[in-house]
Every structure is written in C-alpha cells, then in structure tokens.
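Asks: Let me give you the structure first, and then I'll get to my questions.
The values are calculated or read from the model by the stated rules, or taken from the named source; none is laboratory data. These figures come from a predicted structure and were not determined experimentally. Please note: Cβ atoms are built from the backbone with ideal geometry, for glycine as well, and neighbour counts cover all protein chains shown.
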Amino acid sequence: MITRRTALMGAALAATSSAILASQQTSASESMTPEAAKVELAGMARKKVKLVPPPFVHAHEQATTEPPCVVEFEMNIIEQEMPVDEDGAMIQGMTFDGSIPGPLMVVHEGDYVELTLINPPENAMQHNIDFHSATGGLGGGALTLVNPGEKTILRFKADRPGTFVYHCAPGGPMIPWHVVSGMSGAIMILPRDGLKDHNQQPVRYDQVFYVGENDFYIPKDENGEYMRFEDPGSSYSDTLEVMNKLIPSHVVFNGRVGALTGENALKSKVGETVLIVHSQANRDTRPHLIGGHGDLVWETGKFNNPPERDLETWFIRGGSAGAALYRFKQPGVYAYVNHNLIEAVNLGATAHVVVEGDWDNELMAQIMPPTAYGELHTSKKALP
Ligand SMILES: [Cu+2]
C-alpha cells in the first residue's frame with residue numbers, strides 16, 4: 001500500500017541522510033587542502049573501458065608489462081522496478097549501470113581508476129560510490145554524492161591487489177537501503193604480473209564469472225502478496241520494516257531467481273579454468289560448487305595472500321568479494337550455490353554451469369545403476 005505518509009517518510013529520510021552526507025562531504029573536501037600536491041598524470045597512458053553487465057566481464061589482460069595507466073570507466077545510476085522471481089515479486093531497484101550487481105571492473109595494481117558517475121535527472125534519489133579498494137574519503141563516497149541531474153568524476157589509485165566490493169553509501173539509513181536495493185558491485189585489481197598459486201607460480205584463467213549475491217527484503221501486504229510501489233521513496237517504510245527483522249524474502253545471484261540457471265546458465269568445458277568472483281555487500285555467504293571444488297581460493301579476495309587449495313565451500317564475508325579458481329574435469333550441469341541450502345533452493349541463491357566434454361570414469365563411475373536387490377538382503381537391522 002502506497003500512502004502519502006510512506007512517500008513523505010522516504011523523502012524526509014532521504015533529505016536527512018543527504019544532510020548528514022553533505023556535512024561529511026564538506027569535512028572531507030576541507031581535509032583535501034588546496035595546498036595538497038597535484039598528482040601529475042599527464043604523461044600517463046589512458047585507457048577507456050566499456051563495462052559489460054554481469055556475469056560477464058570486459059576484456060582485459062591477466063598480466064601486463066606495460067607501466068601503470070589511468071583506466072577510465074563510466075557508470076549510469078539507474079533506478080527502475082525489476083523482477084526478482086517468477087512469482088511476481090518486484091523490487092524498486094537502485095543500480096550501477098542498470099544491473100544487479102553493478103559491472104565488474106578490472107584493472108592492475110598501480111593503475112589509477114577514473115570513474116565518471118552519472119545520476120540521470122529522471123532518478124529520484126541521491127547516490128554515491130564507496131570503493132572498498134580505495135583509500136580515504138569514505139572510499140570515495142564523500143566525494144561522489146550526486147543529485148539527480150549531476151555527474152561526478154572520482155580518481156583513486158588501485159594500490160592493493162584483490163577483489164573488492166563497491167557500493168552506494170549516501171549516508172545514515174539510506175546506506176543499507178540502497179545496498180539491499182541492488183547498489184553494489186565489485187572491482188578486481190590484478191597483480192601486474194598476474195595471479196599466482198600457493199607456490200608463487202603464475203596461474204591463468206580462461207574466463208571469469210562474476211556472481212553478485214543479494215539479500216532482498218520485499219514486503220508483503222495483508223493478503224500475503226508481494227507489494228509493488230510507484231518509486232523507491234514510496235517503498236521505503238514497508239521495506240525498512242522487513243529489513244530490520246533481518247529475514248530476507250530472497251537471496252539471489254545476479255539480481256533475481258534464475259538469473260544464472262536454465263537458459264541463463266554459465267557455460268564451460270572440461271579442461272577450462274574459470275575464475276568465479278563472488279561478492280556480497282551486505283551479508284555473509286558460503287559458495288559451493290556441487291560436484292567440483294575450489295582449486296585455488298582467495299577466500300578474502302586479496303591476492304597478496306596465498307590462495308587456499310582444494311576447498312569444498314568457502315566463506316565470503318558480508319562486505320567483501322572473494323575469488324575461486326577451478327578447472328573443470330567432468331562434463332555435466334554443476335550447481336553453484338550458497339551452501340545455506342535453504343537460501344540456495346528456497347530463496348534463490350543458485351547458479352548453474354553447463355560443462356561440455358568427455359566423462360572421466362577414473363574420477364567417477366557408476367559400477368551398478370540403482371537395481372532392485374530382492375529379499376536376500378535386508379536393510380533393516382534387528383534392534384538390540
Ligand atoms: Cu544509492
């Protein structure tokens with residue numbers, strides 16, 4: 001039910017949080033004193049990268065011998081109602097570049113990330129971006145708060161390698177709400193000489209899958225139907241009530257139930273190595289590849305730490321992104337799940353990888369298919 005009260009409350013909270021942020025922004029700006037030395041990047045190469053929606057990632061070199069450069073990205077913030085499942089649940093989504101999660105950015109350690117962030121005039125809310133990979137100014141959040149109709153450019157140095165979350169953080173209660181409305185994504189900062197295994201030997205991947213997990217809190221009306229709203233502001237108070245109980249209505253990969261299953265399944269081949277980057281900006285999760293493993297897993301996503309080996313399930317802390325490398329050895333349909341199986345099966349956190357190739361009987365064989373075994377044996381044991 002949309003009431004004027006809820007609409008106003010959303011607007012009022014937005015105003016409050018923008019006031020909080022405005023004060024943070026002022027202090028952050030003041031701390032960036034005019035006498036701070038200007039960084040001379042004029043001689044540095046610039047590279048414009050067009051972002052692509054997840055689970056895919058823009059073309060990139062895994063290792064480079066080039067000197068550091070300035071990598072330019074552009075993202076439009078898009079507020080739009082989006083489907084969350086096939087039963088009619090819809091969310092007033094807030095997105096970086098129209099997708100949940102936002103696109104995966106890839107640069108190399110030592111590069112400068114230069115992001116143009118655009119808040120189009122048709123949006124209703126203020127937004128910004130906090131990069132967990134950036135240093136100072138609320139991860140950039142203090143320098144990027146944009147009203148509808150404004151754009152901003154942030155530059156930061158990618159000075160430590162790893163996979164990191166970015167998310168909107170416009171202040172106060174707007175922060176969790178924008179994040180659970182879809183405003184998060186990830187950046188991968190590769191070591192200049194590429195990824196290395198536990199023995200410091202170089203490793204390469206054939207493709208990257210970017211899986212962004214979201215917990216959604218979609219309110220229901222008195223008849224148990226998911227509620228729909230005209231705009232984000234009018235959804236706020238009912239959504240907040242569900243959020244504050246901490247019980248998500250959906251836990252999904254890439255924005256909705258089924259975003260990575262069936263026709264949308266990921267594809268690979270026996271012998272191919274995939275790097276699965278998994279982010280969760282708000283809540284812990286525990287990815288597991290059913291029938292496979294994590295050969296090398298940077299559970300915390302930070303490439304200066306040696307990867308763990310042969311993992312069955314790994315843990316992605318809420319507010320972080322991890323990376324798992326796996327070479328497929330058997331064909332089939334693999335489910336990649338959040339191994340809280342209630343969240344995987346009932347709430348949506350499942351992806352599929354369809355792997356082509358030849359079956360290896362050495363790794364697994366069906367010696368006897370399920371067969372009736374008659375009366376000679378009994379599975380019932382006599383009770384003592
Ligand atoms: Cu936002």
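Asks: Filtering the stretch 204-215 down to residues that are crowded, with 17+ Cβ neighbours inside 10 Å and more than 16 Å from the ligand (Cβ to nearest atom), which residue is farthest from residue 84 (Cα to Cα)? Give the derivation first.
Replies: Within the stretch 204-215, the first condition is being crowded, with 17+ Cβ neighbours inside 10 Å, and the residues that meet it are 205, 208-215.
Then drop every residue that is not more than 16 Å from the ligand (Cβ to nearest atom), which leaves 205, 208-211, 213, 215.
Values: 205: 31, 208: 24, 209: 20, 210: 18, 211: 16, 213: 12, 215: 11 Å.
Among them, the one singled out is 205.
Asks: While we're on this one: Only one residue in 312, 343 is closer than 30 Å to residue 218 by Cβ and among the acidic types (Asp, Glu), so which one is that?
Replies: On the way: 312 fails: closer than 30 Å to residue 218 by Cβ.
Residue meeting the stated conditions: 343.
Asks: Would you mention how many residues in the stretch 284-306 are without any contact (Cβ under 8 Å) to a residue 24 or more places away in the chain and in a strand (DSSP E or B)?
Replies: So the count comes out to 0.
Asks: For residue 283, indicate whether it is surrounded by fewer than 22 Cβ atoms within 10 Å (Cβ to Cβ), closer than 30 Å to residue 131 by Cβ and outside the structural domain of residue 60 (by TED's automatic domain parsing).
Replies: Working: surrounded by fewer than 22 Cβ atoms within 10 Å (Cβ to Cβ): yes; closer than 30 Å to residue 131 by Cβ: yes; outside the structural domain of residue 60 (by TED's automatic domain parsing): yes.
In short, yes.
Asks: Can I ask one more? Do we have residue 232 as within 14 Å of the ligand (Cβ to nearest atom), in contact (Cβ under 8 Å) with a residue 60 or more places away in the chain, under 23 Å from the mean Cα position of the chain (by Cα) and not assigned by TED's automatic domain parsing to the domain that holds residue 108 here?
Replies: On the way: within 14 Å of the ligand (Cβ to nearest atom): yes; in contact (Cβ under 8 Å) with a residue 60 or more places away in the chain: yes; under 23 Å from the mean Cα position of the chain (by Cα): yes; not assigned by TED's automatic domain parsing to the domain that holds residue 108: yes.
Spelling it out, residue 232 is indeed within 14 Å of the ligand (Cβ to nearest atom), in contact (Cβ under 8 Å) with a residue 60 or more places away in the chain, under 23 Å from the mean Cα position of the chain (by Cα) and not assigned by TED's automatic domain parsing to the domain that holds residue 108.
Asks: Looking at this structure, is residue 99 touching a Pro at 6+ places or on another chain (Cβ under 8 Å), within 14 Å of the ligand (Cβ to nearest atom) and among the hydroxyl-bearing types (Ser, Thr, Tyr)?
Replies: Considered against the rule, which asks whether it is touching a Pro at 6+ places or on another chain (Cβ under 8 Å), within 14 Å of the ligand (Cβ to nearest atom) and among the hydroxyl-bearing types (Ser, Thr, Tyr), residue 99 comes out as no.
Asks: Of 256, 309, which residue is part of a strand (DSSP E or B) and modelled with pLDDT of 95 or more? Working first, answer last.
Replies: On the way: 256 fails: part of a strand (DSSP E or B).
None of the other options fit; the residue is 309.
Asks: Look at residue 64 and say whether it is within 24 Å of residue 280 (Cβ to Cβ) and of a type in the set (Ser, Thr, Tyr).
Replies: Numbers: within 24 Å of residue 280 (Cβ to Cβ): no; of a type in the set (Ser, Thr, Tyr): yes.
Judged against the criteria, residue 64 is not a match.
Asks: State whether one or more residues within the stretch 210-230 are among the aromatic types (Phe, Trp, Tyr) and assigned to a loop (DSSP other than H, G, I, E, B). Steps first, answer last, please.
Replies: Step one: filter the stretch 210-230 for residues among the aromatic types (Phe, Trp, Tyr), giving 210, 216-217, 226, 229.
Keeping just the survivors that are assigned to a loop (DSSP other than H, G, I, E, B) gives 217, 229.
Scanning the stretch 210-230, I find at least one residue that is among the aromatic types (Phe, Trp, Tyr) and assigned to a loop (DSSP other than H, G, I, E, B), so the answer is yes.
Asks: Only residues that are under 18 Å from residue 71 (Cα atoms), outside any loop (DSSP other than H, G, I, E, B) and away from the ligand (no atom under 13 Å from the Cβ): list them for the stretch 123-139, please. Lay out the reasoning, then the answer.
Replies: Residues of the stretch 123-139 under 18 Å from residue 71 (Cα atoms): 129-135, 139.
The next check asks that each one be outside any loop (DSSP other than H, G, I, E, B); those that pass are 130-131, 139.
Matches in the stretch 123-139: 131, 139.
Asks: Please go through the stretch 117-155 and give me each residue that is within 27 Å of residue 275 (Cβ to Cβ) and either out of contact with any helix residue (DSSP H, G or I) (no Cβ under 9 Å at 6 or more places or on another chain) or of a type outside the set (Phe, Trp, Tyr) (or both), ordered by number.
Replies: Looking only at the stretch 117-155, we keep the residues that are within 27 Å of residue 275 (Cβ to Cβ), and these are 117, 129-135, 139-140, 154-155.
Answer for the stretch 117-155, where residues must be within 27 Å of residue 275 (Cβ to Cβ) and either out of contact with any helix residue (DSSP H, G or I) (no Cβ under 9 Å at 6 or more places or on another chain) or of a type outside the set (Phe, Trp, Tyr) (or both): 117, 129, 130, 132, 133, 134, 135, 139, 140, 154, 155.
Asks: Among the residues of the stretch 94-131, what is the count of those that are surrounded by fewer than 20 Cβ atoms within 10 Å (Cβ to Cβ) and within 18 Å of residue 323 (Cβ to Cβ)?
Replies: 1
Asks: Name the pairs whose Cβ atoms lie under 8 Å apart, with the first residue in the stretch 345-356 and on the phi > 0 side of the Ramachandran plot and in contact (Cβ under 8 Å) with a residue 12 or more places away in the chain, the second of a type in the set (A, V, I, L, M, F, W, C) and surrounded by fewer than 24 Cβ atoms within 10 Å (Cβ to Cβ), and 6 or more positions between them or separate chains?
Replies: Note: pairs meeting the criteria are 348/251; 348/257.
Asks: Identify the residue in the stretch 140-182 that is part of a strand (DSSP E or B) and within 11 Å of the ligand (Cβ to nearest atom) and, among all such residues, is nearest to residue 118 (Cα to Cα).
Replies: Taking the stretch 140-182 first, the residues part of a strand (DSSP E or B) are 146, 150-157, 162-167.
Adding the requirement that they be within 11 Å of the ligand (Cβ to nearest atom) leaves 146, 167.
Values: 146: 8, 167: 15 Å.
So, considering only residues that are part of a strand (DSSP E or B) and within 11 Å of the ligand (Cβ to nearest atom), the one nearest to residue 118 (Cα to Cα) is 146.
Asks: Having 3 or more residues that are of a type outside the set (D, E, K, R) is the bar; report the strands (runs of 3 or more DSSP E) wholly within the stretch 29-119 that clear it.
Replies: On the way: elements: 46-48, 70-83, 90-96, 104-108, 112-119.
Here the list reads 70-83, 90-96, 104-108, 112-119.
Asks: Something else now. Going by the structure shown, is residue 51 within 18 Å of the chain's Cα centre (by Cα), crowded, with 23+ Cβ neighbours inside 10 Å and more than 16 Å from the ligand (Cβ to nearest atom)? Spell out how you get there, then give the answer.
Replies: Details: within 18 Å of the chain's Cα centre (by Cα): yes; crowded, with 23+ Cβ neighbours inside 10 Å: no; more than 16 Å from the ligand (Cβ to nearest atom): yes.
Criteria not met by residue 51.
Asks: Then there is this: Select from the stretch 171-187 the residues that are buried (at least 24 other Cβ atoms within 10 Å of the Cβ) and touching a Ser or Thr at 6+ places or on another chain (Cβ under 6 Å) and list them in ascending order.
Replies: 171, 174, 182, 186, 187, listed by residue number.
Asks: When you check residue 186 against the structure, is it more than 20 Å from residue 300 (Cα to Cα) and touching a residue at least 40 places away in the same chain (Cβ under 8 Å), yes or no? Talk me through it step by step, then tell me what you get.
Replies: Numbers: more than 20 Å from residue 300 (Cα to Cα): no; touching a residue at least 40 places away in the same chain (Cβ under 8 Å): yes.
So residue 186 does not fit the description; no.
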